Amino acid sequence: MIINISDLLKGINVDTMDISFYEDIDNITICGKNIKILEPMKVTGKITTDGKIASFSGQANLTIQTECDRCVSVFEENLTFDINEKFTNDSYSDDENEYYQMIDNKIDFTPVIMHNLHMNMPMKFLCSSDCKGIVTNCETNINECSPFAKLKETFKTQGGR
């Protein structure tokens, strides 16, 4: 998504610009893990400027589908994260800030979105916080059935507890 902020930079009848858009994102792979993007990412926020540097403060929201890192079940997760970035027409940076470069007072949000998406992905994907994982030698999903269920039945039939 490319947004022209010429009027904002010139101060013509506006001092802030509210934006809201959807960005189509292809499925991605992070550290060998395939992540399916189920719907376009919604981005909302506000652009302000001091006449030279534009600042964007907003939020992104999307739904992904991937495998749980513990039990390998496929699940969906809603991700929401903040985006706070600065833009300038000049190739400029200082020790404290990095700036994305605008071209002709236009902001290309695609690299900003992709950078922030990668930075805000969880380190581990879990289908639930209490996921029990799998039994390594038989690959049974412990969330779905207990590997000890058959053993427990055997003890019951033999007069055990």
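No value in this document is a laboratory result; all are computed from the given coordinates. Nothing here was measured: the structure is a model prediction, and the numbers come from that model. A quick note on method: Cβ atoms are made from the backbone with ideal geometry, for glycine too, and the neighbour counts reach across all protein chains shown.
Legend: distances between Cα atoms for Lys46/Lys124; Lys42/Lys106; Lys132/Lys156; Lys42/Lys132; Lys52/Lys124; Lys36/Lys132; pairs beyond 28 Å are Lys46/Lys124; Lys42/Lys132; Lys52/Lys124. Estimated at 0.36 nm per residue, the fully extended path between Tyr100 and Thr157 surpasses their Cα-Cα distance by 13.5 nm. With 0.36 nm allotted per residue and the present C-alpha distance subtracted, the Glu144-Thr44 stretch has 32.1 nm of extension available.
Full extension of the segment from Val14 to Thr88, taken as 0.36 nm per residue of separation minus the current Cα-Cα distance, would add 24.8 nm. Looking at the range 49-127, the GluC sites (Glu not before Pro) that sit in a DSSP loop and have at most 14 other Cβ atoms within 10 Å of their own Cβ are Glu96, Glu98.
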